[in-house]
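Visitor: Here it is, the structure, as structure tokens.
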Amino acid sequence: MNRKLRMGMVGGGRGAFIGAVHRMAANLDGKIELVAGCFSSDPEKSKLSGEDLFLDPARVYSSYAEMAQTEAALPPGECIDFVSIVTRNDLHFPVAKAFLEAGIHVICEKPLSFSLAEGKELQKIVERSGLVFALTHNYTGYPMVKEARAMVKAGKLGRILKIVAEYPQGYALAGMKNQAEGAISNWRSNPSVSGVSCCIGDIGTHAENLARYITGLELESIAADLNTFLPQGQLDDDGSMLVRYQGGARGVLYASQISAGEENNLNIRIYGTEASIEWYQEHPNELVVKFADAPRQIWRRGNSYNGPEAAKYTRLPFGHPEAFIEAFANVYLAAAEAISDHLAGSYPRAEGYDFPTVADGVEGMAFIEAAVASSQENAAWKPVHATA
């Protein structure tokens, strides 16, 4: 490519944390330029958000449908190459569908959709379109997560026996203290917007995706105990899950938004017959490797001993920490490679691309719905059905 990719955005207007994160991440490597957007369902807010971002007012839209139709009709040298969807869960499917059917590539926030049924339908649309679809499970972007994945692929852990993934937060307790009586603290706790789950759909799916990304193991079944501790809660704010993986490995997944004092403590431990590894999102530049009969090792990002998988997505030399924005940017960087290849007529590459796909999103939706179904039956074991 001899130019930047042209990006559009749906959602992420004034006051939206995640929209700003996506824009910073997309811009980090200088390969992408934001040129258009529908930043809010409120046309005036969308207009003002476009002004904040110094966009051409003619490329700031009142609705995503108008944006998809208008952008698709522009000459090839002007229309957006892809859209980034950073809306609430209930809009992921219709927005993605509109742009895919307009011939525009998609990068979408997780979870994939409002429901598993929607996710499966979206997967069919992506497959029919032949377009690039990336899902921003951003924790897959950390270099030392990629190092961990490479170790597992190379057999350095032996056969995987046990996976423990945790994602505790405490923000919902603080939200409760600032919440008006009877109000819904945020849209994620509203089932008409978020879907069947709050905590598991929001952060539990990150724990599930991280385990699958590193190990390559697919879920077989789940026994879940989901809880709603906060007053007026309509959806879960905490959950503990036993999981069985295809091939025999077992696991424990825990996600909570009522764990007082926790900030963003996503972590994972993977135990194999030869060695084990552990990684903590709050200390992302380190990967701990442990052995039964040798001293433990601490691998650090940016060193010459890192493998090519981690090195490709490392921007700074050792001693200069990389973190959240850079991990997000790595998802955009990998997706940009695929979109550029598609535009050049050389998509897909034989070796593939390193970003979460629509299939990963369907797996996540199957996990969420199986967890909810299990909890409703007193933690009964439920199969995880990610395929039709």
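Visitor: Residue-wise, which Karplus ³J(HN,Hα) couplings in Hz belong to region 222-239, taking 6.51 cos²θ - 1.76 cosθ + 1.60, θ = phi - 60°, and x for glycine or proline?
Guide: Calculated HN-Hα couplings, in order: 8, 10, 10, 10, 9, 9, 10, 8, 7, x, 6, x, 9, 9, 5, 10, 6, x Hz.
Visitor: Something else about it: Highest mean first, what order results for 265-276, 127-138, 103-114 on Cβ atoms within 10 Å?
Guide: Per-residue mean Cβ counts within 10 Å order the peptides as 103-114, 127-138, 265-276.
Visitor: Follow-up question, since we're still on this one. Taking the beta-carbon count within 10 Å as an exposure proxy, list Asp360, Asp42 from fewest neighbours to most. Let's see the in-between values first.
Guide: Details: Asp360 22, Asp42 13.
Ranking Asp360, Asp42 by Cβ neighbours within 10 Å, fewest first, gives Asp42, Asp360.
Visitor: When Lys and Arg each count +1 and Asp and Glu each count -1, what net charge do the other residues less than 14 Å away from Val35, Cβ to Cβ, add up to?
Guide: On the way: positive: Arg3, Lys4, Arg6, Arg23, Lys31, Arg59; negative: Glu33, Asp56, Glu71, Glu78, Asp81.
So the environment of Val35 carries a net charge of +1.
Visitor: So how far apart, in nm, are the two label points at Ala58 and Ser304 if each is 7 Å from Cα heading toward Cβ?
Guide: Calculated label separation equals 5.5 nm.
Visitor: Among [x] 19.7; [y] 22.4; [z] 25.6, only one was calculated for this model; which label is it, if the read-out is mean projected area of the Cα convex hull in nm²?
Guide: [x]
Visitor: I want the local charge near Asp236. Using Cβ-Cβ distances under 13 Å, sum +1 for each Lys or Arg and -1 for each Asp or Glu among the other residues. Mind showing how you got there, number by number?
Guide: Details: positive: Arg188; negative: Asp202, Asp225, Asp237, Asp238, Glu369.
Surrounding charge for Asp236 is -4.
Visitor: A further question on this structure: Please work out how much length the chain gains when fully extended from Lys124 to Ala154, using 0.36 nm per residue of separation minus the C-alpha to C-alpha distance, in nm with one decimal.
Guide: Working: separation 30, 0.36 × 30 = 10.80 nm, distance 3.25 nm.
Taking Lys124 through Ala154 to full extension adds about 7.6 nm, to one decimal.
Visitor: Still on this structure, please answer the following. How much FRET efficiency would the formula 1/(1 + (r/R0)^6) give for Tyr254 and Arg14, where r is the Cβ-Cβ distance and R0 is 30 Å, rounded to 0.05? Kindly include the intermediate steps, with their values, before the conclusion.
Guide: Working: r = 35 Å, r/R0 = 1.16.
That pair, Tyr254 with Arg14, gives E of 0.30.
Visitor: With springs only between Cα atoms under 10 Å apart, run a GNM on the chain and tell me which of Gly251, Gly158, Gly302 wobbles the most.
Guide: Gly158
Visitor: Which value in nm describes the separation of the simple spin-label points at Val193 and Glu274, placed 7 Å from the Cα toward the beta carbon?
Guide: Result: 4.9 nm between the two label points.
Visitor: Quick one: if you stick a label point 7 Å off each Cα along the C-beta vector at Asp293 and Ser41, how many nm between them?
Guide: 6.2
Visitor: Multiply the residue gap between Phe229 and Asn2 by 0.36 nm, knock off their C-alpha separation, and tell me the result in nm, one decimal place.
Guide: Values: separation 227, 0.36 × 227 = 81.72 nm, distance 5.37 nm.
That pair, Phe229 and Asn2, stretches by 76.3 nm at full extension.
Visitor: Hey, can you grab everything whose amide H is under 5 Å from the amide H of Lys162? Only 5+ residues off in sequence or another chain; H modelled, so Pro and N-termini drop out.
Guide: Here Arg250, Tyr271 satisfy the definition.
Visitor: Shape call for region 23-110 from the C-alpha gyration tensor, a ≥ b ≥ c root eigenvalues: rounded (a/c under 1.5), prolate (a/b greater than b/c) or oblate? Intermediate values should be presented prior to the final figure.
Guide: Working: a/c = 1.11, a/b = 1.05, b/c = 1.06.
Verdict is rounded for region 23-110.
Visitor: Please give the peptides 340-346, 196-202 ranked by average Cβ packing (other Cβ atoms within 10 Å per residue), highest first, as a rough proxy for protection. Walk me through the numbers on the way to the answer.
Guide: Working: 340-346: 13.0, 196-202: 26.4.
Answer by packing, highest mean first, reads 196-202, 340-346.
Visitor: Using Cα centres only, tell me the gap between region 1-60 and region 118-175 in whole Å.
Guide: About 25 Å separates the Cα centre of region 1-60 from the one of region 118-175.
Visitor: Calculate, in nm to one decimal, what Ala344 and Glu101 gain on full extension: separation in residues at 0.36 nm each, minus their alpha carbon distance. The partial results should precede the final answer.
Guide: Numbers: separation 243, 0.36 × 243 = 87.48 nm, distance 2.02 nm.
Using 0.36 nm per residue and subtracting the Cα-Cα distance, I get 85.5 nm.
Read the figures in this text as sums done on the coordinates, not as results from a lab. Every value quoted in this text rests on a predicted model; they were computed, and no experiment measured them. Neighbour counts run over all protein chains shown; Cβ positions are idealised from the backbone, glycine included.
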